[in-house]
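Notes follow once the structure below has been shown.
The values are calculated or read from the model by the stated rules, or taken from the named source; none is laboratory data. All of these numbers come straight from a predicted model, not from anything done at the bench. Here Cβ is always computed from backbone atoms with ideal geometry, including for glycine, and neighbour counts include all displayed protein chains.
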Amino acid sequence: MIRPPSLPFAGYETVTITLTLSEREIVMRPIVGDGGHQRALVELQAAIVGDTLTLDGRTIDRLSRYAYRYGHGGYQCRFRAIVAAARRAGWIDA
């Protein structure tokens, strides 16, 4: 479940996540192809300013599914880096 540390989370609010250098480097790697995962990564890259990623709860839900529910392709590690950052920030329960 996605939620801020102290408030119920409806899934539409904007959340800000500070990425580590390692997480940012993983997400900012070049993208090859034009499928759904690739489009999601393009959106992620566009949402990063410096070390800050701004997303809404619906997007975090989608990234979590991409990271863990759709097999093991080349992009899951990138989505898992974002999910780990959101978890560290308290936006996703462990």
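Table for the structure above
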read-out	value
Failed item, numbered, when P5 is tested on (1) at pLDDT 85 or above; (2) part of a loop (DSSP other than H, G, I, E, B); (3) under 17 Å from A89 (Cα atoms)	(1)
The range 49-77, subset in a loop (DSSP other than H, G, I, E, B) and among the hydroxyl-bearing types (S, T, Y), residue farthest from A89 (Cα to Cα)	Y70
Top-ranked residue of the range 10-48 - restricted to ones that are within 11 Å of the chain's Cα centre (by Cα) and assigned to a helix (DSSP H, G or I), ranked as surrounded by the fewest Cβ atoms within 10 Å (Cβ to Cβ)	E43
So D56, is it surrounded by 13 or more Cβ atoms within 10 Å (Cβ to Cβ) and at pLDDT below 85	yes
Boolean, A81 is under 15 Å from T18 (Cα atoms) and small (G, A, S)	yes
Residue that is farthest from E23 (Cα to Cα), among those in the range 62-78 that are surrounded by fewer than 18 Cβ atoms within 10 Å (Cβ to Cβ) and among the charged types (D, E, K, R)	R69
Single unsatisfied condition, R24 versus (1) within 14 Å of A81 (Cα to Cα); (2) modelled with pLDDT under 85; (3) of a type in the set (D, E, K, R)	(2)
Close pairs from the range 48-70: first free of Cβ contacts under 8 Å to residues at least 60 places away in the same chain and under 12 Å from V15 (Cβ atoms), partner polar (S, T, N, Q) and surrounded by 13 or more Cβ atoms within 10 Å (Cβ to Cβ), Cβ under 7 Å, at least 6 apart	T52/T18
Condition check for G90: modelled with pLDDT under 85 and surrounded by fewer than 20 Cβ atoms within 10 Å (Cβ to Cβ)	yes
